[in-house]
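Visitor: Dropping a structure here in structure tokens format, bear with me for questions.
Taken together, the values in this text are just the output of simple stated rules run on the coordinates, not laboratory data. Model, not experiment: these values are computed from the prediction. All Cβ positions, glycine included, derive from the backbone under ideal geometry; neighbour counts span all protein chains shown.
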Amino acid sequence: MNTITIARRELSSYFRSPIAYGVMCFFALIVGFFFYSAVRFFLQQSLQATMMGQSVPLNVNEWVVRNVLSNISVVGLFIIPMITMRLFAEEKRTGTIELLVTSPLRDSEIILGKWLAAFILYLAILGISVLDMLVLFAYGNPDWRPMAVGYLGLILQGGCLLAIGAFISSTTRNQIVAGVATFGVCLLLWVLDWVSQFESSKLFSVISYLSVTSHFDSFARGVLDSKDAIYYLSMIVFGLFLTGRSMESIRWRA
Amino acid sequence: MATTKTHRAANFAQAAVYTLIVIAILGVANFLANRYNKSFDATANKKYTLSDQTAKVVKNIQGDLTITYWDRPNGFPNAQDLFDRYKGLSPKVDVQYKDVDKNRTEAIAAGVKNPLPNIFVKVGNKTETAKSLTEEEVTGAMVRALKGGDRTVCFTSGYGEGSTTDTTGGEGLGNAKDLTEKNNYKTQVVPLIPKADIPMDCTILVVAGPKRDYLQPAVDAIKTYVENGGRALIMLDPPLQFKTTIDENPGLVAVLDSWGVKMDKDLVLDLSGVG
């Protein structure tokens with residue numbers, strides 16, 4: 001119950017500041033552009049295929065949905081630092097964190113409440129992209145099941161990065177530092193894949209496994225792999241656990 | 001002051017130990033999840049699911065299975081789409097992506113040839129080549145490596161049997177031949193005229209509707225092949241004297257009879273005018 005109260009308070013502070021609206025606008029603009037490009041390319045290719053005499057229509061899930069969802073997963077790396085940077089850093093800067101840690105609330109309730117609020121905001125942002133997808137349903141016949149799996153992947157990836165962002169935010173009192181550091185970590189978790197994706201040594205396999213975006217590939221295709229879901233859930237647990245340790249340290253370092 | 005420092009150090013150590021324990025638990029969970037991955041393919045036609053036959057082949061492999069994919073890096077993501085599904089079937093599957101430009105000497109030693117990509121499938125000590133990046137080819141190479149050689153379907157010819165180059169349907173065997181090859185068999189035409197000699201490396205001999213009577217040497221060749229352990233699929237049309245003549249083929253019918261196989265001369269008449 002306390003978790004819900006904290007989540008509600010956090011959410012209202014998001015929507016009272018320009019952060020939520022700014023991030024939503026930024027997201028709608030970028031994703032809209034990606035969607036437009038993907039649809040335009042799809043139409044060009046369809047036209048070409050028809051002219052070449054290909055009778056089987058191109059798959060809209062393959063050509064549009066998969067590409068747009070992959071792009072959204074990368075955009076997520078940029079917007080998540082904006083969502084999480086203030087979670088704990090703001091409380092630390094204003095000094096209210098001391099009030100929170102000395103209140104009868106448990107650390108887990110505070111952390112889960114704040115993470116939940118950030119997660120709900122992320123879902124609301126993600127919801128904007130569903131409007132783009134509805135256009136596909138209005139004019140085409142996409143398969144909703146792979147699309148749903150893709151969105152599940154985005155939700156899990158978002159949850160994982162938000163947990164990491166929450167931890168980073170809990171380590172500093174400066175929002176900018178928290179934002180930049182979260183962005184750096186997100187970027188690192190993305191590019192890890194570039195150097196190690198096709199290497200076969202054990203070390204590179206482990207490095208590639210740590211990459212957030214490599215686990216999203218199968219979701220984007222419409223395939224739910226248990227290993228990818230477990231990776232994201234593990235990262236959520238680990239991020240929140242570290243946030244808990246960081247909160248605890250406020251007490252023993254005081 | 002000293003007490004505070006000790007207190008802090010103890011708390012720090014405790015947090016570090018907790019963190020290491022959590023990392024270990026999550027590490028093990030992820031290791032197991034990676035090793036025993038379960039996939040759910042939500043696409044309508046199960047586009048990203050390998051066939052049951054492939055799953056059976058991969059799961060029955062006893063030793064290690066290594067797929068080496070030689071190409072330029074821009075071809076790797078496409079290959080990964082397919083090979084990740086093979087990796088998902090068994091932890092014994094290892095996939096190596098090799099850049100031909102970076103590993104030129106190794107590529108020459110491995111016998112990489114144009115056009116790219118080259119796909120080598122190694123099961124135990126035996127390596128086979130898959131001709132293209134398709135499930136049929138990759139699994140076919142695995143089967144060949146496992147069975148230790150090619151499997152050949154031999155079609156007899158010379159007595160009016162269906163032609164393997166005729167793809168127009170009806171009596172032509174062209175489509176059947178293509179389908180057989182897609183299922184990882186090699187095909188070969190075995191002429192029974194002028195000399196009837198059936199190679200024993202035929203996995204199966206197909207006698208597909210000869211129109212004329214087999215001469216005794218041809219009958220003897222089939223008999224010898226089957227009685228020496230060969231397998232045969234014999235399809236005889238009922239004898240007819242209508243438009244085209246189909247002989248009775250008494251020699252072959254007698255051999256079948258000696259094996260306890262009775263050929264009936266039944267006809268199915270389609271009076272609908274559609275067929």
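Visitor: Need one value for B:66-77: mean number of C-beta atoms belonging to other chains within 10 Å of its residues' C-beta atoms.
Guide: Averaged over the peptide's residues, the number is 1.
Visitor: In region B:1-72, with Lys and Arg counted as +1 and Asp and Glu as -1 at Cβ, which of these residues, B:SER39, B:VAL22, B:VAL57, has the Cα nearest the positive end of the dipole, that is, farthest along it?
Guide: Farthest towards the positive end: B:VAL22.
Visitor: Can I ask one more? Hey, fewest Cβ within 10 Å first, where do B:LEU50, B:LEU215 land in order? It would help to have the intermediate numbers written out before the result.
Guide: Working: B:LEU50 20, B:LEU215 15.
Least to most surrounded, the residues fall as B:LEU215, B:LEU50.
Visitor: About the Cα centre of the protein assembly as shown, what is the dipole size in debye to 20, counting +1 per Lys and Arg Cβ and -1 per Asp and Glu Cβ, all else neutral? Each step should come with its number before you reach the end.
Guide: Numbers: 51 positive and 47 negative charges, 510 e Å.
For the protein assembly as shown, the charge dipole is close to 2440 debye.
Visitor: Continuing with the same structure: Tell me, how many Å apart are the Cα centres for region A:209-234 and for region B:212-254?
Guide: 59 Å
Visitor: Whole angstrom only: what separates the Cα centroid of region B:126-172 from the Cα centroid of region A:51-100?
Guide: Region B:126-172 and region A:51-100 have Cα centres separated by 48 Å.
Visitor: Quick one, could you list the DSSP H helices from chain B stretching 30 Å or more along their long axis (Cα atoms) with average Kyte-Doolittle hydropathy of -1.0 or above? Display every interim value, and only then the final one.
Guide: Details: long enough: B:2-35 (49 Å, 0.73).
Helices meeting the span and hydropathy rule in chain B are B:2-35.
Visitor: Exceeding 20 Å between C-alpha atoms, which entries from my cross-link table qualify? They are A:LYS227/B:LYS92; B:LYS211/B:LYS243; B:LYS59/B:LYS122; A:LYS114/A:LYS227. Can you show the working numbers first?
Guide: Working: A:LYS227/B:LYS92 17 Å; B:LYS211/B:LYS243 12 Å; B:LYS59/B:LYS122 15 Å; A:LYS114/A:LYS227 27 Å.
Correct reply: A:LYS114/A:LYS227.
Visitor: What size of dipole, in debye to the nearest 20, comes out for region B:52-147 about its Cα centre when the only charges are +1 on Lys and Arg C-beta atoms and -1 on Asp and Glu C-beta atoms?
Guide: On the way: 15 positive and 13 negative charges, 59 e Å.
So the dipole magnitude of region B:52-147 works out to roughly 280 debye.
Visitor: Let me ask you something else. Give me the net charge for the shell around B:PRO194: Cβ to Cβ below 15 angstrom, other residues only, Lys and Arg +1, Asp and Glu -1. Let's see the in-between values first.
Guide: Values: positive: B:LYS195, B:ARG212; negative: B:ASP197, B:ASP220.
Around B:PRO194, the charge tally is 0.
Visitor: Note down the net charge around B:MET142, summing +1 for each Lys or Arg and -1 for each Asp or Glu among other residues with Cβ under 14 Å from its Cβ. Don't skip to the end; give the middle numbers.
Guide: Numbers: positive: B:LYS56, B:LYS59, B:ARG85, B:LYS87, B:LYS92, B:LYS122, B:LYS126, B:LYS131, B:ARG144, B:LYS147, B:ARG151; negative: B:ASP64, B:ASP94, B:GLU128, B:GLU135, B:GLU136, B:GLU137, B:ASP150.
My count for the surroundings of B:MET142 gives +4.
Visitor: For chain A, take the longest principal axis of its alpha carbons; what is the angle in degrees between that and the long axis of helix A:107-139, to the nearest 10 within 0 to 90?
Guide: 20 degrees
Visitor: So what's the back-of-envelope 222 nm ellipticity for chain A, counting only DSSP H runs of four-plus at -39500 (n - 2.57) apiece and dividing by all residues, rounded to 500? It would help to have the intermediate numbers written out before the result.
Guide: Working: 11 runs with 206 residues, N = 254.
Result for chain A: -27500 deg cm²/dmol, rounded to the nearest 500.
Visitor: For the Cα atoms of chain A, what angle does the longest principal axis make with the long axis of helix A:226-253, in degrees from 0 to 90, nearest 10?
Guide: Once rounded, one gets 20 degrees.
Visitor: If you count the DSSP beta bridges with both ends in region B:52-147, what percent of them are antiparallel, to the nearest 5?
Guide: Working: 11 of 18 bridges.
If we restrict to bridges inside region B:52-147, about 60 percent are antiparallel.
Visitor: If the limit is 21 Å between Cα atoms, which of B:LYS186/B:LYS223; B:LYS126/B:LYS186; B:LYS87/B:LYS182 go over it?
Guide: Correct reply: B:LYS186/B:LYS223; B:LYS87/B:LYS182.
Visitor: Can you give the local net charge around A:SER234? Use residues other than it whose beta-carbon is closer than 11 angstrom to its beta-carbon, Lys and Arg +1, Asp and Glu -1. Don't jump to the answer; show the numbers that get you there.
Guide: Values: positive: A:LYS227; negative: A:ASP228.
Every neighbour counted, the sum reads 0.
Visitor: For region B:178-275, state which trypsin sites (Lys or Arg not before Pro) are in a DSSP loop and have at most 14 other beta carbons lying within 10 Å of their beta carbon.
Guide: B:LYS195, B:ARG212, B:ARG231, B:LYS243, B:LYS262, B:LYS265
Visitor: Also, quick follow-up: For helix A:175-196, what angle does its Cα long axis make with the longest principal axis of chain A, in degrees from 0 to 90 and rounded to 10?
Guide: 40 degrees
Visitor: Suppose we look only past 15 Å in the calculated P(r) of region A:1-80. What percent of the Cα-Cα pairs does that tail hold? Write out the running numbers ahead of the final one.
Guide: On the way: 2164 of 3160 pairs.
Tail fraction, whole percent: 68.
Visitor: Please report, to two decimal places, log10 I(q)/I(0) for region B:41-99 at q = 0.13, 0.22, 0.30 Å⁻¹ as given by the Debye formula with identical point scatterers on the Cα atoms and no solvent.
Guide: -0.38, -0.92, -1.21
Visitor: Taking the Cα centre of region B:143-275 as origin and charging only Cβ (+1 Lys, Arg; -1 Asp, Glu), how large is the dipole, in debye to the nearest 20?
Guide: Computed charge dipole of region B:143-275: roughly 440 debye.
Visitor: Using only the C-alpha atoms of chain B, find the volume of their convex hull and express it per residue in Å³. Provide the component values of the computation, followed by the final result.
Guide: Details: hull volume 67.7 nm³, N = 275.
About 246 Å³ per residue, rounded to a whole number.
Visitor: A follow-up question, please. Which one, A:GLN45, B:LEU271, B:GLN96, projects farthest toward the positive side of the charge dipole computed for the protein assembly as shown from Cβ point charges (K/R +1, D/E -1)?
Guide: Result: B:GLN96, furthest along the dipole toward the positive end.
Visitor: Work out, in µm²/s and without decimals, the Stokes-Einstein translational diffusion coefficient of region B:152-258 at 25 °C, 0.890 mPa s, Rh from Kirkwood over C-alpha pairs. Mind dumping the intermediate values first?
Guide: On the way: Rh = 14.1 Å.
The diffusion coefficient I find is 174 µm²/s.
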